[in-house]
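Peer 1: First, the structure itself, so that you have it in front of you.
The values are calculated or read from the model by the stated rules, or taken from the named source; none is laboratory data. Bear in mind that the values here come from a model prediction, so they are computed numbers and not experimental data. Every residue, glycine among them, receives a Cβ derived from its backbone with ideal geometry; neighbour counts consider all protein chains shown.
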Amino acid sequence: MPPAARRNPAQIADQRVSLPTGTVDRIHQGYVMDLVAQEVDLGAGGKVRREYIQHPGAVAVVALDAQEQVVLLRQYRHPVRSYLWEVPAGLLDVAGEDLRTAGERELAEEADLRAGQWHTLADFYTSPGGSDEAIRIFLARDLAPVPADERHQRQFEELDMPTTRVPLSEALQAVMEGRIHNPSTVTGILAADLARQRDFTGLRPAGAPWLPRTGPDPTAEQ
């Protein structure tokens, strides 16, 4: 077998394509996400039918205080029957809301915090083989509490949601030892540790373009 062609590292980037597709068959419409099926023409690979979850997408926030402690929340997640330690996060379910505003809203609603500095840490698909869910992870610093009379009234799983602050190095150790499993939290902690090693230089701005699931780039009008 010939050796793999060497590429310039800068050329390693995911690329959106528009392959010929059939109509979307909505198998199930859910409260947050839908199960759909669609035929896609892979060219030499032939035409195949693929089922996947349509999801509105989400944002997550690694909130880091002046002592380099990361804010974590403990929330029940029924599909995995577990209480998980997570960074603040939530759905892109407000029409016309840009990504940073969504991140600010979730940080305030879930952690009663605001932040003076915002950067983009990472963008990822949670399960691209079976879902179009995309998540942007922000780094938020220069934290301040939301005034008591402006705080969000939580409900459902968020009603009893303990909050703690953990040194970033200890959160990283929890990830490496397999004690934390939420994907936004794992990805965010790893990315935040790398950012700290680089003295938080070279980070993308909060409004940086991202690779959207479908349709227009939600950062395009920022």
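Peer 1: Could you check how many residues of the stretch 44-60 are assigned to a strand (DSSP E or B) and under 30 Å from VAL87 (Cα atoms)?
Peer 2: Adding up the residues that qualify gives 7.
Peer 1: Follow-up question, since we're still on this one. Only one residue in VAL62, VAL80 is surrounded by 14 or more Cβ atoms within 10 Å (Cβ to Cβ) and under 22 Å from the mean Cα position of the chain (by Cα), so which one is that?
Peer 2: Of VAL62, VAL80, the one residue that is surrounded by 14 or more Cβ atoms within 10 Å (Cβ to Cβ) and under 22 Å from the mean Cα position of the chain (by Cα) is VAL62.
Peer 1: If you don't mind, there's one more thing I want to ask. Would you be able to say whether some residue in the stretch 73-82 is touching a residue at least 12 places away in the same chain (Cβ under 8 Å), closer than 28 Å to ARG204 by Cα, assigned by TED's automatic domain parsing to the domain that holds ARG136 and not in a loop (DSSP other than H, G, I, E, B)?
Peer 2: yes
Peer 1: Here's something else I'd like to know. Any residue in the stretch 119-131 that's not assigned by TED's automatic domain parsing to the domain that holds ARG26: show its pairings with residues that are of a type in the set (S, T, N, Q) and part of a strand (DSSP E or B) at Cβ separation under 9 Å, as long as the two are six or more apart or on different chains.
Peer 2: That search, which allows pairs on different chains as well, returns TYR125/SER131; SER131/GLN54.
Peer 1: Also: Those residues that are among the charged types (D, E, K, R), farther than 23 Å from LEU92 by Cα and loosely packed, with under 10 Cβ neighbours inside 10 Å, I need them from the stretch 1-51; list them, please.
Peer 2: Within the stretch 1-51, ARG6, ARG7 qualify.
Peer 1: Please go through the stretch 6-43 and give me each residue that is in a loop (DSSP other than H, G, I, E, B) and basic (Lys, Arg), ordered by number.
Peer 2: ARG6, ARG7, ARG16
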